[in-house]
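Engineer: One structure follows; several queries about it will come next.
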Amino acid sequence: MPPESNQETVRKFLSHLPLFQALTPHHLDEIAADAKEIRLEKGATLFHRGDASTGFHVVVFGQLQLSINSPQGGKKIVEIIGPQQSLGEAVMFLSRPYPVSCGALTDSLVVHVASESVNRLLAADPTFARLMLAGLSVRLHSLLHDVESYSLRSSTQRVIGYLLQQCPADEGQDVEVELPTSKLVIASRLNLTPETLSRVFSDLSRLNLIEVKGRTIAIPDVKVLREHDL
């Protein structure tokens, strides 16, 4: 059997994503024809703040971070993007430069979907337009939740909320959570200093609500941890 071409590989990946599942084979072929794979080593940059957008990206594997530079010279992590998640749709539609920079937290593979293909599909397929709007709405809801969290919730509540999001089930005992990235990145994502994150972990450990084992967080009882967040 001959090896798959790059276009066939991209088409197969896109066909499994919710955004593209409703497309006809013809439309999928059009998207894949203009799409391209981008491989990034850990620490590499996908785009810089101010770069022009030519489409949006979907993560095949790996992790990307969206960040901005703070006035103090540090880096603020805005969002962490994982497999099968997309980024850059809103900027593409607005025809504006990227407001953030994007870099690889791990070795990653992303697919770049060209804006020309998206515009053709939006004109031809109302279902695709609805799915695109739904995805943008979810992203907006997540952003509003983050703003509320940073403004109204304590550092302890932010950390507990983050851990609960990583839990494989709503409730349970003896649950282990594997942090998807470094504590430094997580602290920035939660708008905390690394020292504050370490202090919260220590406080929760002292209360026997969690046990920290490197990047693995053991939670004896998810329900008890959730109630502590109230």
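All of the numbers you see were taken from the coordinates with simple rules; none came from a lab. Small disclaimer: the values here were computed from a predicted structure and weren't measured. Quick reminder, even Gly has a Cβ in these numbers, built from the backbone with ideal geometry, and neighbours come from all protein chains shown.
Engineer: What's the FRET efficiency of ASP29 with HIS228 using the Cβ-Cβ distance as r and R₀ = 45 Å, to the nearest 0.05? Write out the running numbers ahead of the final one.
Structural biologist: Details: r = 52 Å, r/R0 = 1.15.
Calculated transfer efficiency: 0.30.
Engineer: Follow-up question, since we're still on this one. So if I take the centroid of the Cα atoms in region 35-87 and the same for region 110-140, what is the distance between those two points in Å?
Structural biologist: Answer, in whole Å: 19.
Engineer: Report the paramagnetic label zone for LYS213: residues of region 178-201 whose backbone N is under 17 Å from a point 7 Å from Cα along the Cα-to-Cβ axis.
Structural biologist: 178-180
Engineer: For labels at GLU178 and GLU37 in the simple 7 Å Cα→Cβ model, what's the distance in nm?
Structural biologist: Between GLU178 and GLU37, the simple spin-label model gives 2.3 nm.
Engineer: Describe numerically, in nm with one decimal, the distance between label points set 7 Å from Cα along Cα→Cβ at LEU164 and at THR196.
Structural biologist: 1.9
Engineer: Label LEU17 and HIS48 with points 7 Å out from Cα along Cα→Cβ: what is the distance between them in nm?
Structural biologist: Once both label points are built, they end up 2.6 nm from each other.
Engineer: Relative to the Cα centre, what is the charge dipole magnitude of region 1-71, using +1 at the beta carbon of each Lys and Arg, -1 at the beta carbon of each Asp and Glu, and rounding to the nearest 20 debye? The partial results should precede the final answer.
Structural biologist: Values: 6 positive and 8 negative charges, 55 e Å.
Around 260 debye, computed over region 1-71.
Engineer: Hydropathy first: keep DSSP H helices in the chain averaging at least -1.0 on Kyte-Doolittle, then drop any whose Cα extent along the axis falls short of 30 Å, and list what survives. Could the numbers behind the result be given before it?
Structural biologist: On the way: long enough: 126-152 (39 Å, 0.51).
Helices passing the filter in the chain: 126-152.
Engineer: Ok, one more. As a check on your grasp of the helix formula, calculate [θ] at 222 nm for the chain: sum -39500 (n - 2.57) over DSSP H runs of n ≥ 4, divide by the residue count, round to the nearest 500.
Structural biologist: Working: 9 runs with 102 residues, N = 230.
Helix-only estimate at 222 nm: -13500 deg cm²/dmol.
Engineer: Let me ask something additional. Tell me the net charge near ASN119. Cut-off is 13 Å between Cβ atoms, ASN119 excluded, with +1 for each Lys or Arg and -1 for each Asp or Glu. Please list the in-between numbers first.
Structural biologist: On the way: positive: ARG120; negative: GLU30, ASP34, GLU89, GLU116, ASP125.
Net local charge, ASN119 excluded: -4.
Engineer: Obtain the radius of gyration and the Kirkwood radius of the chain from its C-alpha atoms and give Rg over Rh.
Structural biologist: Reported Rg/Rh (Cα atoms, Kirkwood Rh): 1.01.
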